[in-house]
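Data first, discussion second: the structure below is written as structure tokens.
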Amino acid sequence: MAEGMLAFAARRAGVNALLLLLVSLTGFMLLHATPGGPLAQFSLSPGMTSERLNQIAHSMGLDQPLWLQYVKWLGGLLKGDWGHSYRDHAPVLSIIISHLGATVELGLASLVISFLGGLAMGLIGALRAGEAIDALCSLVGVILLSLPTFWLGLVFIYFLSVRTGWFPAGGLMSPGHASATDRLRHLALPAMTLGLVSIPVWGAYIRSFAGDTLNQDHIRTARALGVPGWRIVLRRVLPAALLPLIPIAGVYLPTLLSGALVTETVFTWPGVGRLFLDSLQYRDYPVALGVLMFSAVLVLMCSLAAELLHHAADPRLRT
Amino acid sequence: MTLLSVRDLGVDFGGPLIVDGVSFSMKKGEIVALVGESGSGKSVASLALMGLLGRGNITGSAMLRLNDGRETDLVRIGPRERRGVLGRHVSMIFQDPLSSLDPIQTIGAQMREVLSLHCGLRGGKAQARAIELLHEVGIVDPQACLKLIPQRLSGGMRQRVLIAMAIAGEPELLLADEPTTALDVTVQAQVLRLLLSLRARSGMGMIFITHNLAVASSIADRVIVLYAGQVVEDAPADAFFAAPAMPYSKALLGAAPGIDSVFGARRLPTLRGQVPAPGERGVGCRFAPRCDAMRPTPCQTQMPDLLTIADGENEVHAVRCGRWEELAR
Amino acid sequence: MKSAEIILSIWAHLRSLRPRGRVAAYYIVFVVIACVAGPWVLPYGHAHIDLHHRFLSPISAGHPLGTDEIGRDLLTRVLMGGRVSLLVGLASTILSTVIGTTLGLVAGYNSGAARFLITTIIDATLCFPVVFLMLTLAAVLSPGVGTIIGIVTLVSWMEAARVVQAQTRVIRKMDYVTAVVAMGATDRYVLMREVLPNVAPAVIVSATLTIARAILLESYVSYLGYGVQPPDASWGNLLNNAQEYLESDPWLAIIPGVAIALTVTMFNLLGESLQDAIDPSIQAKGRRS
Ligand SMILES: Nc1ncnc2c1ncn2[C@@H]1O[C@H](COP(=O)(O)OP(=O)(O)O)[C@@H](O)[C@H]1O
Ligand code: SF4
Ligand SMILES: [Mg+2]
């Protein structure tokens, strides 16, 4: 990498700014410039006259030139005013935040599952590189990577809920029950679904980083000095494999949202992903646009946080 | 007293022998230079002794006499037993001192690990001992050094740190694979002096691997020349540099004019042709294709044995050449 | 002549595939043939409704995989769905490979603004949760096979671009390319004659992996109801209503899902094996020496 630190920072900032602008512009244009546009929801309701429609358009500022609407909307975003839902007029930002908890819960639980699974798979593969178990791990990884999330969810529902009754098939909790075990039982299947399909992502990186580290001279030195194998793995291989994973995690974590969206649909999990789908269905464009922008902001925050964390954790980057 | 006795050491990776019937022995506190061109099998032989090859088939034996009088065969011991030997009785340092240290742990953390492992020292005691060791290997500000990561040290300092870690368990034998090759000439001389002074103080034996005869002449008590996996000459350093018996040794020395010691010399030896690849060896002497003294018989027809040509009290001298007697006249 | 060389080298790579990859290749050929020819051979049209034979379970007389909620033959529907899913996968992969390779060549060959812009767009697109973007697009555009091909292409071209860009940068700096340039070769000549043949194997690997991902993405969007619309079948939309009947007729969900999972796995395995065949060093890299 001949790329200097400054060029890298510039590129990073460029990517971030461009991403936000790109998402906001495409999102806005898509939802406003297409046939039907933001008014589609109203024009479908019975007894709607074109006069009344114009009135609504005017009251919502939809009769202004598109670029002006975009600028106004963008300005509002920056001020924290993300508009109001067409459905119940609640502020978009607070709707998103009220759905955030469920998604975070699902995301964290699946993250724990996928990370631990990936760690085990990656380390086994690296430590037994070239052996049968390494090949098996990579095969399992490819299969997990190829499973459609929604189908895996349905399979889990059928076998672990419908057939056996071990876990509930969906929802955040049983009505009237607010116990922790009840919530965990509801969380189990969606978290497993989303977690399993993400295992190979971590597994592949950890396999590769740990493998690189194991081939380095300092591992040989440690062994030449009599350091036991488990200690080498714990103190040298693991930190060296996890450090470069931090920035990758920063990029990867937000993409979990895609998987969360599908998982939330299968398990009727009231998170941001379902909110997005519902708002698309009801043509509730302010909310859909809001979620789109929210995920873009999340991408930026995650990658920024990861970068800071990476700098704090890697002694080579400290000056 | 014998420290290490290697008998018929052989290493292959499923193909031809990379190390082929290597035998030698060394005394307590002796420094043996293992010399030979790149590719002659020096590293493979030393890693085989350490059990660090990973894969490959190792045959023969390497009996190491420990300080407490026990003997252990470095070729045969199991992994668990080996962990008790490595670092405590045998240590090894390598060519590239930067990559030989963990880049993301401080020197202090890496030294403390070794100290707790081999000396049972923790906390303040480990810290004090680490400082002492770093001082011993000539690091000027040990306290500051302990807080740094390897990246921030110069090459010479890193090699000193590695030496400090290698001697922390007070081993009887140190293997050093080209430990000065990556260093500047002046730093190289300093590190060699350090190793000599450590030997003088602790009586630690050393196998010093190098392809540089000037380096060998400035540190070795004895020189063992490896060619294409075989020992071709084994001689006391004085005798070797004064009157090498094997044409290969002569050629090596002849290609490096004015060898005195590394403290003065500049050039590395050069020779026409190169070491035959393991699969391209003839039946006769492996040096024959490059040897000026080669005669079709016996050189190309029969593999010469490693013959002892002088056997004084401390002065064993052996050579592998079918014509050494003719040539000595 | 160059293209003959490329084909020869691809053939050589194919022959040196690991057993895993060969199995995958056979499977893919089999599935393609089954999906293309199957519906002609089978007695029912994919939209043949038979209300007297609803919810037949698999291994029923005349319906090896059973029938769905309105008595359509599931095997026929799976094969018809396979046509669409494979078509979407193939078409969007070809499009993304062409687009990605072109952009990658431009970004890798030029330094400065063009590279900065393209790599920035690649990074930005790569880190966005793609399903959100796809659904937004699918929701406002009129649904259909063409639309879904376009959408999948839009979120799939980056992989080829990234690979080609990196490789082009390396090849550009090679001595023999510098020599050719010094002798007055045009950019076009260098790109077509020196760079393209060398990146071709990597592009084929990335395309194989892209097909796998494209099939998966199509299934997501169709499952969520924004992709291929009934009564046309695709592997994704066969699962549309399956959740409703999960309790009584689980095979309606399980069978199309197996088709997706198996096919995507095989494309991924093929890509992985091709990668190994092209660059054995990657396979060997993890091995301890
Ligand atoms: N792990 C290995 N597998 C196969 N061959 C090896 C391996 N390590 C070294 N060799 C071969 O053994 C020979 C001797 O190598 P080496 O001991 O490193 O030489 P030296 O250290 O004397 O320069 C070389 O021909 C090398 O290719
Ligand atoms: S045996 Fe012959 S070829 Fe070999 S070193 Fe002696 S003289 Fe030279
Ligand atoms: Mg060596």
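The values are calculated or read from the model by the stated rules, or taken from the named source; none is laboratory data. Source: prediction; values computed, not measured. So basically every Cβ, Gly included, is an ideal-geometry build from the backbone, and we count neighbours across all protein chains shown.
Might you check whether a residue that is within 7 Å of another protein chain (Cβ to nearest Cβ) and either crowded, with 24+ Cβ neighbours inside 10 Å or touching a residue at least 24 places away in the same chain (Cβ under 8 Å) (or both) occurs anywhere in region C:243-252? Checked region C:243-252: no residue is within 7 Å of another protein chain (Cβ to nearest Cβ) and either crowded, with 24+ Cβ neighbours inside 10 Å or touching a residue at least 24 places away in the same chain (Cβ under 8 Å) (or both). Being in a helix (DSSP H, G or I) and either modelled with pLDDT under 80 or within 14 Å of chain A (Cβ to nearest Cβ) (or both): is that true of C:GLY89 here? Here the answer is yes, as C:GLY89 does meet what is asked. Of the helices (runs of 4 or more DSSP H) lying entirely inside region A:235-305, those carrying at least 3 residues that are under 16 Å from C:VAL130 (Cβ atoms) are A:245-266, A:272-281. In this entry, A:ALA240 passes the filter for residues that are among the aliphatic types (A, V, I, L, M), in contact (Cβ under 8 Å) with a residue 12 or more places away in the chain and within 11 Å of chain B (Cβ to nearest Cβ).
Yes/no matrix, rows are residues, columns are (1) of a type in the set (Gly, Ala, Ser); (2) free of Cβ contacts under 8 Å to residues at least 12 places away in the same chain; (3) assigned to a loop (DSSP other than H, G, I, E, B); (4) surrounded by fewer than 21 Cβ atoms within 10 Å (Cβ to Cβ):
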residue: B:SER99; (1), (2), (3), (4): yes, yes, yes, yes
residue: B:ASP102; (1), (2), (3), (4): no, no, yes, no
residue: B:GLY108; (1), (2), (3), (4): yes, no, no, yes
residue: B:SER116; (1), (2), (3), (4): yes, yes, no, yes
residue: B:LYS125; (1), (2), (3), (4): no, yes, no, yes
residue: B:GLU132; (1), (2), (3), (4): no, yes, no, yes
residue: B:ILE163; (1), (2), (3), (4): no, no, no, no
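Pairs linking a residue in region C:79-102 that is in contact (Cβ under 8 Å) with a residue 40 or more places away in the chain to a residue that is buried (at least 18 other Cβ atoms within 10 Å of the Cβ) and basic (Lys, Arg), with Cβ atoms under 8 Å and 6 or more positions apart or on different chains, are C:GLY100/C:ARG162.
Would region B:151-159 turn up any residue that is among the basic types (Lys, Arg) and assigned to a helix (DSSP H, G or I)? Yes.
Yes/no per residue for (1) within 16 Å of ligand 2 (Cβ to nearest atom); (2) touching a residue at least 60 places away in the same chain (Cβ under 8 Å); (3) among the aromatic types (Phe, Trp, Tyr):
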position: B:MET157; (1), (2), (3): no, no, no
position: B:ALA168; (1), (2), (3): no, yes, no
position: B:ALA176; (1), (2), (3): no, yes, no
position: B:GLN190; (1), (2), (3): no, no, no
position: B:THR210; (1), (2), (3): no, yes, no
position: B:ALA237; (1), (2), (3): no, yes, no
position: B:PHE241; (1), (2), (3): no, no, yes
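Tell me yes or no: at least one residue of region B:60-75 is within 20 Å of B:VAL232 (Cβ to Cβ) and either within 16 Å of ligand 2 (Cβ to nearest atom) or in contact with a Phe, Trp or Tyr (Cβ under 6 Å, 6 or more places away or on another chain) (or both). Scanning region B:60-75, I find no residue that is within 20 Å of B:VAL232 (Cβ to Cβ) and either within 16 Å of ligand 2 (Cβ to nearest atom) or in contact with a Phe, Trp or Tyr (Cβ under 6 Å, 6 or more places away or on another chain) (or both), so the answer is no.
Would you confirm whether any residue within region C:143-162 is more than 17 Å from the chain's Cα centre (by Cα), buried (at least 23 other Cβ atoms within 10 Å of the Cβ), on the phi < 0 side of the Ramachandran plot and among the aromatic types (Phe, Trp, Tyr)? No, region C:143-162 has no match at all.
The single condition among (1) at pLDDT 90 or above; (2) within 13 Å of A:THR103 (Cα to Cα) that A:VAL266 does not satisfy is (2).
Can you tell me which residue is farthest from B:LEU66 (Cα to Cα) among those in region B:21-30 that are more than 13 Å from the chain's Cα centre (by Cα) and outside any strand (DSSP E or B)? Among residues in region B:21-30 that are more than 13 Å from the chain's Cα centre (by Cα) and outside any strand (DSSP E or B), the one farthest from B:LEU66 (Cα to Cα) is B:GLY29. Just one of the numbered conditions (1) assigned to a loop (DSSP other than H, G, I, E, B); (2) under 18 Å from the mean Cα position of the chain (by Cα); (3) away from chain A (no Cβ under 14 Å) is not true of B:ASP68: (2). Within region B:134-150, the set of residues being among the hydrophobic types (A, V, I, L, M, F, W, C), within 14 Å of chain A (Cβ to nearest Cβ) and assigned to a helix (DSSP H, G or I) comprises just one member, B:LEU146.
Restrict the check to region B:28-48 and report whether at least one residue is away from ligand 1 (no atom under 12 Å from the Cβ), without any contact (Cβ under 8 Å) to a residue 24 or more places away in the chain and touching a strand residue (DSSP E or B) at 6+ places or on another chain (Cβ under 7 Å).
No; the residues of region B:28-48 include none that is away from ligand 1 (no atom under 12 Å from the Cβ), without any contact (Cβ under 8 Å) to a residue 24 or more places away in the chain and touching a strand residue (DSSP E or B) at 6+ places or on another chain (Cβ under 7 Å).
Can you tell me which residue within region C:253-289, out of those that are of a type in the set (Ser, Thr, Tyr) and modelled with pLDDT of 80 or more, is surrounded by the most Cβ atoms within 10 Å (Cβ to Cβ)?
C:THR263
Looking only at region B:51-71, which residues are away from ligand 1 (no atom under 13 Å from the Cβ) and either of a type in the set (Val, Ile, Thr) or surrounded by fewer than 20 Cβ atoms within 10 Å (Cβ to Cβ) (or both)?
B:THR59, B:GLY60, B:SER61, B:MET63, B:ARG65, B:LEU66, B:ASN67, B:ASP68, B:GLY69, B:ARG70, B:GLU71
State yes or no: is B:ALA239 modelled with pLDDT under 95, over 15 Å from B:VAL32 (Cα atoms), in contact with a strand residue (DSSP E or B) (Cβ under 8 Å, 6 or more places away or on another chain) and not hydroxyl-bearing (Ser, Thr, Tyr)? Spell out how you get there, then give the answer.
Details: modelled with pLDDT under 95: yes; over 15 Å from B:VAL32 (Cα atoms): no; in contact with a strand residue (DSSP E or B) (Cβ under 8 Å, 6 or more places away or on another chain): yes; not hydroxyl-bearing (Ser, Thr, Tyr): yes.
Judged against the criteria, B:ALA239 is not a match.
Of the residues making up region B:39-59, those that are in contact with a helix residue (DSSP H, G or I) (Cβ under 9 Å, 6 or more places away or on another chain) and assigned to a strand (DSSP E or B) number 1. Mind checking whether some residue in region B:9-20 is farther than 23 Å from A:LEU225 by Cα, within 16 Å of ligand 2 (Cβ to nearest atom) and either away from chain A (no Cβ under 14 Å) or in a loop (DSSP other than H, G, I, E, B) (or both)? Looking for residues that are farther than 23 Å from A:LEU225 by Cα, within 16 Å of ligand 2 (Cβ to nearest atom) and either away from chain A (no Cβ under 14 Å) or in a loop (DSSP other than H, G, I, E, B) (or both), one finds at least one in region B:9-20, hence yes.
Given the condition assigned to a loop (DSSP other than H, G, I, E, B), more than 11 Å from every other protein chain (Cβ to nearest Cβ), within 16 Å of ligand 3 (Cβ to nearest atom) and buried (at least 21 other Cβ atoms within 10 Å of the Cβ), answer yes or no: does some residue in region B:31-38 qualify? Yes, region B:31-38 has at least one match.
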